[in-house]
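The values are calculated or read from the model by the stated rules, or taken from the named source; none is laboratory data. All of these numbers come straight from a predicted model, not from anything done at the bench. FYI the Cβ positions are ideal-geometry reconstructions off the backbone, even for glycines, and counts take in every protein chain you see. What goes into the accessible areas is simple: the full protein's heavy atoms, side chains included, and nothing from ligands, DNA or RNA. Shrake-Rupley method; radii C 1.70, N 1.55, O 1.52, S 1.80 Å.
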There are 2 protein chains.
Amino acid sequence: MQLDHKQVWETIADRLREDILDGHLPAGTRLVEADLASRFGVSRGPIRDALADLSRSGLAVDLPRRGTSVASLREDDLAEVYEVRRALEEGAVRMAIARATAEDLAEMDRLLNATEAAYHAGPLPAAWEADMAFHRIYCRMAGNGRLLALFDNLASQTVLLMRTALTEHASLAWTPPVEVHRHIADAIRACDVDAAVRAVAAHYQYTEDRLAGTAKPE
Amino acid sequence: MQLDHKQVWETIADRLREDILDGHLPAGTRLVEADLASRFGVSRGPIRDALADLSRSGLAVDLPRRGTSVASLREDDLAEVYEVRRALEEGAVRMAIARATAEDLAEMDRLLNATEAAYHAGPLPAAWEADMAFHRIYCRMAGNGRLLALFDNLASQTVLLMRTALTEHASLAWTPPVEVHRHIADAIRACDVDAAVRAVAAHYQYTEDRLAGTAKPE
DNA sequence: TGAATGCTAACTGTTGACAATTAACCGTGT
DNA sequence: ACACGGTTAATTGTCAACAGTTAGCATTCA
């Protein structure tokens, strides 16, 4: 059965990814191959491929002989993800400054405004999406495909983590100060590498502090 | 057939990875599922899983309906890998300084000496292995599993790239100056974050220059 | 002679079935 | 009442076969 022209398992993986990030499949949900096979009207083969892809993306965990479930990540996972993202994005802004075009900068400004508007309007999950789009733009501007792919993986994990954490301790329902994003954008626009790196570091320093603050009174 | 206790596809993936990095399977070699299945005495299922893993690691490319082959990466791929490694390792040294134990530092010194000895003795592929082990130690010291996994991927790709590039233009058969590694180790030992970051940056700046220099007269 | 077209072989994508293992449940004994 | 052993159900790992597609080759026509 051809759901599309792309690979069947790819279509299924996209659907599942969407369901996970939407919160439709909560963390810990078991992903039973046979069930998914009948749900999507295909055999278990493509399902296995899709689940393997999700596991590699960090959105699912695959215990041998015990099946795969939606990843249920904890505070230390979130800390790990943020640490890697900080390192990656500090490099990304450096590269972005060297390679950005005028169209890139315009797109960045658009996404910056969209992010601020989304945080102002709520609800949170939608704001996160805009937030990620802003972070993504300068990773794309870096002109490095591998870096962008890694960012996308980490961004997915971030959204999943935030969502599951939000349902457990509502104290994570905070909105970052709008300045941090604007500082990054300003520095990139000014081609000031040091300031851009500092802005990214400050962003993650703030996030880390906030995370440490909410993790304690759990 | 149980080759080991771990998953069958995992064993096969390890074997193939080894063969690729050893140069036993040169870049561009087609990895035909049926052939590998008969070679390893298993069915095509586990082979598919192993090949998917290699593709995910960047050691193979998988064109839909056209099969998978050993990745044949070019200079721009090497540049991409180095850019991401620089970003990752700049973060890694920062984290490593904050978390290193005495045993870690001793191990780092041991690997530093081993690397210098290996470059002094040649041959190159063996030296690369020692080189990677040195870079790996401070990524491990960073205490971030995700970062370490990403480094391992990039390190594999680096070795594959160097090896294939070496067979094509022998001008890549250069050995980095020993100081760059020692500068990194010294800065980490001194808990000097700025110096460590600068040392990593200098290392990759040198590599990049050397790469640009050899790529031109191709 | 050159290009286009139809055939053929090889390979992957997908499927359904079988084997192996895990986890849960029930019963028994102490 | 609790711990332990055996049995069963559920689920994954593996396999062999079928179907569909791609690439290469020969053939044909201009």
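The residue list B:A34, B:V159, A:T164 was ranked by how far each Cα lies along the charge dipole of the protein assembly as shown toward its positive end, using unit charges on Cβ atoms, and B:A34 comes out on top. Ellipticity at 222 nm from helices only: DSSP H runs of n ≥ 4 in chain A, each -39500 (n - 2.57), divided by the residue count, give -24500 deg cm²/dmol. At a probe of 1.4 Å, how much accessible area disappears from chains A and B on forming the pair, both sides counted, to the nearest 100 Å²? That pair of chains buries around 2400 Å² in total. Using Cβ point charges alone (K and R +1, D and E -1), the dipole size of region A:75-215 about the Cα centre works out to roughly 340 debye. I want to verify the translational diffusion coefficient of region A:8-70 in µm²/s; compute it with Stokes-Einstein, Rh as the Kirkwood radius over Cα pairs, at 37 °C and 0.692 mPa s. Translational diffusion coefficient: 290 µm²/s. Among B:A149, B:H203, B:A106, whose Cα projects farthest towards the positive end of the dipole of region B:95-218, with charges put on the beta-carbon of Lys, Arg (+1) and Asp, Glu (-1)? Positive-most Cα among the choices belongs to B:A149.
Using the crude model of +1 on Lys and Arg Cβ and -1 on Asp and Glu Cβ, and no other charge, please compute the dipole size for the protein assembly as shown relative to its Cα centre, in debye to 20.
With only Lys, Arg, Asp and Glu charged at Cβ, the dipole is about 840 debye.
The Cα atoms of region B:66-107 define a convex hull whose projected area, averaged across directions, is 5.1 nm². Averaged over the residues of B:89-98, the number of partner chain Cβ atoms lying within 10 Å of the residue Cβ comes to 3. Across region A:93-153, Cα-Cα distances exceeding 16 Å account for 46% of all pairs. The candidates B:T207, A:T101, arranged from most to least accessible area with a 1.4 Å probe in the full protein assembly, appear as A:T101, B:T207.
Find the percent of Cα-Cα distances in region B:139-178 that exceed 15 Å, and round it to a whole number. Above the 15 Å cut-off, region B:139-178 has 56 percent of its Cα pairs. Spread over its residues, the convex hull of the C-alpha atoms of the protein assembly as shown is 169 Å³ per residue. Computed on chain B, with alpha-carbon pairs under 8 angstrom and 6+ residues apart, the relative contact order is 22 percent. Just how many % of Cα pairs in chain B lie over 25 Å apart, if you round to the nearest whole percent? Every Cα pair in chain B considered, those over 25 Å come to 44 percent. Between A:L161, A:L25, A:L51, the Gaussian network model of chain A with springs among Cα atoms under 10 angstrom shows the greatest mean-square fluctuation at A:L25. Per-residue accessible area (protein heavy atoms, 1.4 Å probe) orders B:E83, A:E129 as A:E129, B:E83, starting from the largest.
Site pair A:S38 and A:E107 shows an inter-label distance of 4.4 nm when each label is modelled 7 Å from Cα along Cα→Cβ.
Across A:G23, A:G67, A:G91, mean-square fluctuation computed from a Gaussian network of chain A (C-alpha pairs under 10 Å connected) peaks at A:G67.
Angle of helix B:8-22 to the longest C-alpha principal axis of chain B, folded into 0 to 90 degrees and rounded to 10: 60°. Against the main long axis of the alpha-carbon atoms of chain B, helix B:124-141 sits at an angle near 70°.
Ligands, DNA and RNA left out, the accessible area of region A:27-140 computed with a 1.4 Å probe is 51% carbon and sulfur.
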